[in-house]
Amino acid sequence: MILQGQDWLDAAATRRVMAALEAAGGPDCARFVGGCVRNALVGQPVDDVDIATTLTPEQTDQAIRAAGLKAVPTGLAHGTVTAIADHRPFEITTLRRDVATDGRNATVAFTDDWAEDAARRDFRLNALYADAEGRVLDPTGEGVADALAGRIVFVGDPGARIREDYLRILRFFRFFAWYGRGEPDPAGLAACADLASGMTRLSAERVSKELMKLLAAPDPGPALAAMDAAGVLGRILPEGELTPAFAAMVWLSDDPVLRLMVLTPADAAVAVAASRRLRLPNRIRDRLAAAAGVEVDPSMTAAQVRAAVYRHGAQAVVDALLRRSAERPDEAPALDGLRDIAEAWAPPRLPVGGRDLARLGVPPGPETGRLLKAFEADWIAADFPVDGHAGRLEALVRERRG
């Protein structure tokens, strides 16, 4: 099988990198590997071009530099050098075999045996290679068939592959979400369920990264259902619950944060606790918590929506409205209109400040803050009028002086 119509394969930058490697090690020393080959086979976009080589990391570095390209030693201990050609990175890794594994990290030795390199990879559809002309090589004999059929099958014994790196449990479900069709591979699913307790060895950052990638799939529902049934979802997200609202959110938005949001209760404290446990980025933690603190319903007036946006921010209000739409689809048409208001409106700045109060004889201090807060509350309740501020401020001062 030959890959056809692949811009990345024919690009000048790709050709320069492959030519540099072949000049040092011969025509069979370098092959494209993994995701770029898999995605080309199944018609999905290719974002990263990875290359495997029989050259040692030092030889790779020298070959790239000899060709006038930039070489970055991004992971020499694991055999990886990144070549930069025409501002595009190519990750080049020496063929490897595992010497020792602990379920989280591996000690590797370099090899020139393509079959050994394929045997240490996670799934058969990821153990695919292609030469510089696009001819596909399939050492396991099943990788091409798996990719075309949507099967996610471990290379060799599933349990052995998982014990090498327990993150492969989450990768099994993530790849099923993106590339799988039908039912998950029974042997792989059983191994994931049996060995799920081993995920406690993983860092929270690795777990959350896989979870967010899974949630970004076009339809992560079947994969999450399989995770739930296998007891994996509950281990990484004990607050999580698959409900009809999750399926609704999948069709409402492809945003993985919104999908995570609807998996968990609308409770800011729960959102913060889960985010901290998973070491999610602060921006995601804050977004989950902010949306949980906004109460919305389809009876809201435009003025009430604007008030909520002013107090909580447009993102939080839009997120809360989308969550409500997922939880109560019958309300979605009305909520859509409210979301349009929230997205289109730009909150104005408070039109008065301490200087305005000083001109009215109010000295700086706590009273200034109280008066500004009272003015702001009235201004919001009146739907942000653009004039009449001086009169209202004077009235507030008179009321306080009684």
Item to check | Candidates Val386, Val352 - the one that is farther than 30 Å from Thr243 by Cβ, β-branched (Val, Ile, Thr) and in contact with a helix residue (DSSP H, G or I) (Cβ under 9 Å, 6 or more places away or on another chain) | outcome: Val352
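So that you can scan it fast, the table gives a plain yes or no per residue for (1) more than 30 Å from the chain's Cα centre (by Cα); (2) over 30 Å from Ser253 (Cβ atoms):
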{"position": "Ala332", "(1), (2)": "no, no"}
{"position": "Pro348", "(1), (2)": "yes, no"}
{"position": "Pro366", "(1), (2)": "yes, yes"}
{"position": "Gly369", "(1), (2)": "yes, yes"}
{"position": "Asp378", "(1), (2)": "yes, yes"}
{"position": "Phe384", "(1), (2)": "yes, no"}
{"position": "Arg398", "(1), (2)": "yes, yes"}
Checklist entry - Is it true that some residue in segment 309-327 is at pLDDT below 95, open to solvent by less than 50 Å² (accessible area, probe 1.4 Å) and part of a loop (DSSP other than H, G, I, E, B)? => result no
Checklist entry - Being of a type in the set (A, V, I, L, M, F, W, C), modelled with pLDDT under 95 and open to solvent by 20 Å² or more (accessible area, probe 1.4 Å), is that true of even one residue in segment 91-104? => result yes
Next on the checklist: Checking Ala85 against (1) of a type in the set (Gly, Ala, Ser); (2) closer than 14 Å to Asp131 by Cα; (3) in contact (Cβ under 8 Å) with a residue 60 or more places away in the chain: exactly one of these is not met. Which one?
Outcome noted: (2)
Checklist entry - List pairs: first in segment 193-220 and among the charged types (D, E, K, R), second surrounded by fewer than 18 Cβ atoms within 10 Å (Cβ to Cβ) and not in a helix (DSSP H, G or I), Cβ under 6 Å, 6+ apart or cross-chain? => result Arg201/Arg104; Glu205/Arg279
Checklist entry - What number of residues within segment 359-382 satisfy the criterion of being charged (D, E, K, R) and closer than 24 Å to Val309 by Cβ? => result 3
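Yes or no, residue by residue, for (1) hydroxyl-bearing (Ser, Thr, Tyr); (2) in contact with an Asp or Glu (Cβ under 9 Å, 6 or more places away or on another chain); (3) in contact (Cβ under 8 Å) with a residue 12 or more places away in the chain:
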site: Arg311; (1), (2), (3): no, no, yes
site: Asp330; (1), (2), (3): no, no, no
site: Ile341; (1), (2), (3): no, no, yes
site: Ala377; (1), (2), (3): no, no, no
site: His389; (1), (2), (3): no, yes, yes
Checklist entry - Out of (1) under 27 Å from the mean Cα position of the chain (by Cα); (2) open to solvent by 70 Å² or more (accessible area, probe 1.4 Å); (3) at pLDDT 95 or above, the odd one out for Arg15 is which? => result (1)
Checklist entry - Which of the residues that make up segment 202-242 are outside any helix (DSSP H, G or I), more than 16 Å from the chain's Cα centre (by Cα) and crowded, with 18+ Cβ neighbours inside 10 Å? => result Leu202, Ala230, Val232, Gly240
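So that you can scan it fast, the table gives a plain yes or no per residue for (1) in a loop (DSSP other than H, G, I, E, B); (2) open to solvent by 20 Å² or more (accessible area, probe 1.4 Å); (3) touching a Pro at 6+ places or on another chain (Cβ under 9 Å); (4) within 20 Å of Ala12 (Cβ to Cβ):
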| position | (1), (2), (3), (4) |
| --- | --- |
| Leu41 | no, yes, no, no |
| Gln44 | yes, yes, no, no |
| Ile64 | no, no, no, yes |
| Ile84 | no, yes, no, yes |
Item to check | Residue in segment 334-388 that is least open to solvent (accessible area, probe 1.4 Å), counting only those that are in a helix (DSSP H, G or I) and among the basic types (Lys, Arg) | outcome: Arg339
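The values are calculated or read from the model by the stated rules, or taken from the named source; none is laboratory data. What you see is a predicted model; the values in this text were computed from it and never measured. With ideal geometry, Cβ positions are generated from the backbone for all residues, glycine too; neighbour counts draw on all protein chains shown. Accessible surface areas use protein heavy atoms only, side chains included; no ligands, DNA or RNA. Shrake-Rupley method; radii C 1.70, N 1.55, O 1.52, S 1.80 Å.
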